[in-house]
1. Pull up segment 2-12, narrow it to residues that are of a type in the set (A, V, I, L, M) and either in a strand (DSSP E or B) or outside the structural domain of LEU122 (by the TED database) (or both), then point me to the one that is surrounded by the fewest Cβ atoms within 10 Å (Cβ to Cβ).
2. Please find, within segment 310-324, the residue that is farthest from GLU221 (Cα to Cα) out of those that are part of a helix (DSSP H, G or I) and open to solvent by 70 Å² or more (accessible area, probe 1.4 Å).
3. Within the bounds of segment 206-219, is there any residue that is loosely packed, with under 15 Cβ neighbours inside 10 Å, touching a strand residue (DSSP E or B) at 6+ places or on another chain (Cβ under 9 Å) and under 30 Å from TYR400 (Cβ atoms)?
4. If we keep just the residues of segment 138-156 that are of a type in the set (A, V, I, L, M, F, W, C) and under 20 Å from LEU122 (Cα atoms), which is surrounded by the fewest Cβ atoms within 10 Å (Cβ to Cβ)?
5. Here's a check for you: in segment 131-160, which residue that is at pLDDT 95 or above, of a type in the set (D, E, K, R) and outside any strand (DSSP E or B) is farthest from SER349 (Cα to Cα)?
6. For segment 403-425: of the residues being open to solvent by 30 Å² or more (accessible area, probe 1.4 Å) and touching a residue at least 24 places away in the same chain (Cβ under 8 Å), which is farthest from CYS229 (Cα to Cα)?
7. Inspect segment 327-347 for any residue being modelled with pLDDT under 90 and either assigned to a helix (DSSP H, G or I) or under 29 Å from the mean Cα position of the chain (by Cα) (or both) and give the result as yes or no.
8. Given the criteria surrounded by 14 or more Cβ atoms within 10 Å (Cβ to Cβ), modelled with pLDDT under 95 and part of a helix (DSSP H, G or I), does LEU122 qualify?
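The values are calculated or read from the model by the stated rules, or taken from the named source; none is laboratory data. Since the structure is predicted, the reported quantities are computational estimates derived from the model, not experimental observations. When we count neighbours, we look across all protein chains shown, and the Cβ atoms used for this are built from the backbone with ideal geometry, even at glycine. Note: accessible area is taken over every heavy atom of the protein model, side chains too, but ligands, DNA and RNA are not part of it. Shrake-Rupley method; radii C 1.70, N 1.55, O 1.52, S 1.80 Å.
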Amino acid sequence: VGVLGSGDFARSLAIRLVCSGFKVVVGSRNPKRKAGLFPSAAEVTFQAEAVKKTDVIFVAVFREHYSTLCDLADVLAGKILVDVSNNTEINHHKESNAEYLASLFPACTVVKGFNVISAWTLQSGARDGNKQVLICSNNQEAKRTVAEIAQVMGFTPVDMGCMSSACEIENIPLRLLPAWKIPIFLALGLFLCFFTYNLIRQVIHPYIREQKNKLYKIPIEVVNTTLPCVAYVMLSLVYLPGVLAACSQLYYGTKYRRFPDWLDQWLQHRKQIGLLSFFCAALHAVYSFCLPMRRSHRYQLIETAVKQALEKKMNVWVEEEVWRMEIYISVGIIALGLLSLLAITSLPSIANSLNWREFSFIQSTLGFIALVISTLHTLTYGWSRAFDENQYKFYLPPTYTLTLLVPCTVILAKVIFSLPCIQQRLLRIRRGWEKGRYVKFVLPSATGEYSSGETSSNV
């Protein structure tokens, strides 16, 4: 196998090919200076010599340097050229790099591949990175040859069709978290709304009403009050689209009616929404552990102790508050543990080791249990304070009461769907039953002849 180029990717490619048992010939314009960068088992020579000795050649040079290979056009005739290049931005050129390479060397067979594999993955092996190698070409035999090389190297070749797919393949490494944009903006929007709401209640209200400066609460306390709100609402948003989808199927009496685009997109982003929920919950746990470390907290403890000493209070133990905090923290730890399990099992390496029933049980059943326990965590935090008029600053209800709206709606809907009459109907719909569908039937008449008719599947 030949490799044209002496950059980082070419060196990693040569190392992986040598480790896979291939005889590698590297073509470079300065072979003496570049020979020390490659493994000793690889032959480093001039480009023309490398092309003559190989039939499959990896072109590991940038698009702007393709023209420097034009002098080798005669020697390259009939060879298979594997284009591994990428662009610096999406759709930077009208035609893909592979199509441009094919236009420069019409006597060669060009295959696009290995561009979605990083140099690190090539050096460390497929076990430490993405295992898929996307391949496309107009020549089936050339694709089969490159696919066999990828398999020997420990990767999984994926046939993406003809050369017109090269542009899409080249855009894949340039996309920055395409499936995360909507969930991230959703999380940021919720964070901004709850942060503003808590800022008004915890900082602005005491400043206006009591002339107290509470700005020191912004970095830790206000943020720590906001994070669990975002985590809790985001977790409920993971299961809300499933409820809406079930309502749609029950209303129309079929599973074959297409969901609206917004609901379809929502269903596809549930994994990312759930992971962001776990991220906010984990940050909330860390912030909570850091609360006693604040200097303001120490001052408040000293101030409270001095007031109690002046008032000669010997026993300040409040049994109800003790139990509330014990239950609150315990339930919160359990909820965070379940969220950790959901996050871990959503990783492809873990999910692939589970069958469908196991994965569904963890993500659906345990996920719903996590939502219920998070609700108990929130209710325990509120306790009886929801009925205290002093908690309604600027006539605004406490933040945790707002966060209960969506989760409680989801829990109530889940309970309703679990009723036998509704559960059986929904199960029939998901198995193919349709409301209003007519089926043919044939009945014998009194004379022994058969007559046909039709009836609704509802009957």
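1. Ranking the qualifying residues of segment 2-12, first place goes to LEU4.
2. Among them, the one singled out is LEU310.
3. There is at least one residue in segment 206-219 that is loosely packed, with under 15 Cβ neighbours inside 10 Å, touching a strand residue (DSSP E or B) at 6+ places or on another chain (Cβ under 9 Å) and under 30 Å from TYR400 (Cβ atoms).
4. VAL152
5. GLU141
6. Top of the filtered list is ARG425.
7. Looking through segment 327-347, at least one residue is modelled with pLDDT under 90 and either assigned to a helix (DSSP H, G or I) or under 29 Å from the mean Cα position of the chain (by Cα) (or both).
8. When the stated conditions are applied, LEU122 passes them.
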